[in-house]
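**Q** Can you read through this structure? Questions will come right after.
The values are calculated or read from the model by the stated rules, or taken from the named source; none is laboratory data. Being a predicted model, the structure only gives us computed values, none of them experimental. Quick reminder, even Gly has a Cβ in these numbers, built from the backbone with ideal geometry, and neighbours come from all protein chains shown.
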């Protein structure tokens with residue numbers, strides 16, 4: 001089983017932290033797993049969970065509580081990719097509770113969810129919490145920061161646990177009593193792991209005056225259409241930068257906590273599939289999101305702490321790849337003292353050249369898994385009826401009630417014209433460009 005999982009994720013061998021987590025999982029003690037972002041914590045707790053699941057038992061056996069919906073969905077997808085034979089479900093706010101309630105009628109062995117939504121289902125007895133023996137509090141430091149203590153406490157009080165696993169990317173002074181964690185095995189890999197990815201280059205950009213917007217625009221133009229995350233400390237900065245880039249005709253998207261869940265979801269999908277190469281975001285995107293192959297990180301607003309800096313940079317130079325982290329400094333700003341490495345200075349050309357337009361455009365289909373639609377159905381429709389070639393079809397993501405498909409931008413209009421009267425699974429469904 002383990003060899004098959006490693007092959008699935010194209011991993012030659014588990015790292016030291018993951019091996020230690022598996023060994024600790026064999027003992028009765030609780031576990032506190034401390035390890036930086038991007039170090040493989042998800043597999044670090046999913047493998048011990050997997051090895052303790054019993055195929056002969058019904059009901060939810062393990063529960064993972066996460067601080068964000070995006071992290072929950074990522075964990076669900078990782079577990080599904082492991083092809084274990086065990087059912088997994090993810091519960092989160094921002095969409096129908098009825099759908100989740102129906103899923104829970106046939107309870108998964110592993111349940112992942114955000115504190116508020118899990119507390120809702122337990123309060124309404126939508127599943128039997130008494131069968132849960134293993135609890136994971138993932139990104140626990142972030143969950144406390146988001147103020148989820150009350151919901152987490154409510155959930156934990158209603159469980160009959162044999163093992164608790166608490167994960168965090170930062171060291172905590174003390175573990176809150178409501179977690180019930182007692183005499184845990186401490187696996188601390190924060191200091192033993194590099195604070196920055198090994199393949200990361202650090203550079204600075206000096207803006208003239210106090211306004212960084214022109215410098216940011218020039219840097220994005222210089223970088224071209226390589227996947228880039230632009231980090232801000234505040235939502236209003238995200239919106240302000242977005243307005244500037246839109247006025248200059250630069251395609252991009254935004255991501256922050258004030259957005260509707262469906263808009264956040266759509267932004268990540270279009271960034272993943274290459275319809276957009278630039279994502280302007282708050283630190284919400286610094287941890288737990290499935291956005292691979294990020295080449296550049298731009299710190300438009302400087303991080304306040306080393307932890308934030310590390311988490312942001314952890315989005316690039318992952319899995320032995322390389323990446324570049326840029327700090328934009330206005331007049332009077334200095335490199336934060338926690339940055340020990342001396343960055344090199346980046347200069348801009350005298351004139352800006354707009355990045356090439358993205359190759360892909362996203363097609364929205366108003367049907368998904370719950371409508372019995374799958375990737376094969378979508379590929380068949382677009383290749384046969386839409387007259388696309390295989391290489392003109394990109395990433396396909398099928399959600400519960402919708403699907404998103406990356407289509408060659410040069411072909412999107414002709415495809416829509418060809419399929420406008422077509423059906424999927426004998427159903428006429430809405431299909432349009434996702435804006």
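**Q** What number of residues within the range 250-268 satisfy the criterion of being closer than 14 Å to residue 71 by Cα and in a helix (DSSP H, G or I)?
**A** Looking only at that region, the number is 4.
**Q** For the range 291-308, state whether one or more residues are surrounded by fewer than 18 Cβ atoms within 10 Å (Cβ to Cβ), in a strand (DSSP E or B), in contact with a strand residue (DSSP E or B) (Cβ under 9 Å, 6 or more places away or on another chain) and touching a residue at least 12 places away in the same chain (Cβ under 8 Å).
**A** No; the residues of the range 291-308 include none that is surrounded by fewer than 18 Cβ atoms within 10 Å (Cβ to Cβ), in a strand (DSSP E or B), in contact with a strand residue (DSSP E or B) (Cβ under 9 Å, 6 or more places away or on another chain) and touching a residue at least 12 places away in the same chain (Cβ under 8 Å).
**Q** OK, next. Restricting to the range 22-43, what's the tally of residues that are in a helix (DSSP H, G or I) and touching a strand residue (DSSP E or B) at 6+ places or on another chain (Cβ under 6 Å)?
**A** Going through the range 22-43 one residue at a time, the tally reaches 2.
**Q** Within the range 56-70, restricting attention to residues that are within 16 Å of the chain's Cα centre (by Cα) and crowded, with 24+ Cβ neighbours inside 10 Å, which residue is farthest from residue 260 (Cα to Cα)?
**A** Selected residue: 64.
**Q** While we're on this one: Would you call residue 387 in contact with a helix residue (DSSP H, G or I) (Cβ under 9 Å, 6 or more places away or on another chain), free of Cβ contacts under 8 Å to residues at least 60 places away in the same chain, under 24 Å from residue 251 (Cβ atoms) and part of a loop (DSSP other than H, G, I, E, B)?
**A** It is false that residue 387 is in contact with a helix residue (DSSP H, G or I) (Cβ under 9 Å, 6 or more places away or on another chain), free of Cβ contacts under 8 Å to residues at least 60 places away in the same chain, under 24 Å from residue 251 (Cβ atoms) and part of a loop (DSSP other than H, G, I, E, B).
**Q** Identify the single condition in (1) at pLDDT 95 or above; (2) out of contact with any helix residue (DSSP H, G or I) (no Cβ under 8 Å at 6 or more places or on another chain); (3) over 21 Å from residue 369 (Cα atoms) that residue 118 does not satisfy, given that it satisfies every other one.
**A** (2)
**Q** Please verify whether the range 84-91 includes one or more residues that are assigned to a helix (DSSP H, G or I), free of Cβ contacts under 8 Å to residues at least 60 places away in the same chain and surrounded by fewer than 20 Cβ atoms within 10 Å (Cβ to Cβ).
**A** no
**Q** Tell me which residues, restricted to the range 161-181, are under 26 Å from residue 51 (Cα atoms), touching a helix residue (DSSP H, G or I) at 6+ places or on another chain (Cβ under 8 Å) and at pLDDT 95 or above.
**A** Correct list: 163, 164, 165, 166, 167, 179, 180.
**Q** At pLDDT 95 or above, part of a helix (DSSP H, G or I) and in contact with a strand residue (DSSP E or B) (Cβ under 9 Å, 6 or more places away or on another chain): which single residue out of 279, 219 fits that description?
**A** That would be 219, the only listed residue that is at pLDDT 95 or above, part of a helix (DSSP H, G or I) and in contact with a strand residue (DSSP E or B) (Cβ under 9 Å, 6 or more places away or on another chain).
**Q** May I pose another question? Taking residue 328 as meeting all but one of (1) surrounded by 15 or more Cβ atoms within 10 Å (Cβ to Cβ); (2) out of contact with any helix residue (DSSP H, G or I) (no Cβ under 6 Å at 6 or more places or on another chain), write down the number of the exception.
**A** Answer for residue 328: the failing condition is (2).
**Q** Can I ask one more? Where residues in the range 346-373 are at pLDDT 95 or above and outside any loop (DSSP other than H, G, I, E, B), which of them is farthest from residue 211 (Cα to Cα)?
**A** 365
**Q** In addition: What do you reckon, is residue 185 surrounded by fewer than 19 Cβ atoms within 10 Å (Cβ to Cβ), touching a residue at least 60 places away in the same chain (Cβ under 8 Å) and on the phi < 0 side of the Ramachandran plot?
**A** Yes: the conditions hold for residue 185.
Residues checked against (1) touching a strand residue (DSSP E or B) at 6+ places or on another chain (Cβ under 6 Å); (2) within 30 Å of residue 313 (Cβ to Cβ); (3) buried (at least 24 other Cβ atoms within 10 Å of the Cβ); (4) without any contact (Cβ under 8 Å) to a residue 24 or more places away in the chain:
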| site | (1), (2), (3), (4) |
| --- | --- |
| 54 | no, no, no, yes |
| 94 | no, yes, no, no |
| 110 | yes, no, yes, no |
| 124 | no, no, no, yes |
| 129 | no, no, no, no |
| 134 | yes, no, no, no |
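**Q** In addition: Please verify whether residue 130 is assigned by TED's automatic domain parsing to the domain that holds residue 53 and within 23 Å of residue 24 (Cβ to Cβ), treating the condition exactly as stated.
**A** Criteria not met by residue 130.
**Q** Could you grab the pairs with beta carbons closer than 6 Å, sequence gap of 6+ or different chains, first residue in the range 323-339 and assigned by TED's automatic domain parsing to the domain that holds residue 293, second one buried (at least 21 other Cβ atoms within 10 Å of the Cβ) and at pLDDT below 90?
**A** 323/316; 323/317; 325/313
**Q** Are there any helices (runs of 4 or more DSSP H) wholly within the range 103-185 with 2 or more residues that are farther than 21 Å from residue 33 by Cβ and under 25 Å from the mean Cα position of the chain (by Cα), and if so which?
**A** 115-123, 149-157
**Q** Next question, about the same structure. Would you point out the residue of the range 397-420, among those that are out of contact with any helix residue (DSSP H, G or I) (no Cβ under 6 Å at 6 or more places or on another chain) and in a loop (DSSP other than H, G, I, E, B), that is farthest from residue 365 (Cα to Cα)?
**A** 410
**Q** Identify all residues within the range 19-37 that are surrounded by fewer than 20 Cβ atoms within 10 Å (Cβ to Cβ) and over 12 Å from residue 133 (Cα atoms); write none if there are none.
**A** Within the range 19-37, 19, 20, 22, 23, 26, 27, 29 qualify.
**Q** Among the residues of the range 310-323, are any more than 13 Å from the chain's Cα centre (by Cα) and at pLDDT 90 or above?
**A** No - not one qualifying residue is present in the range 310-323.
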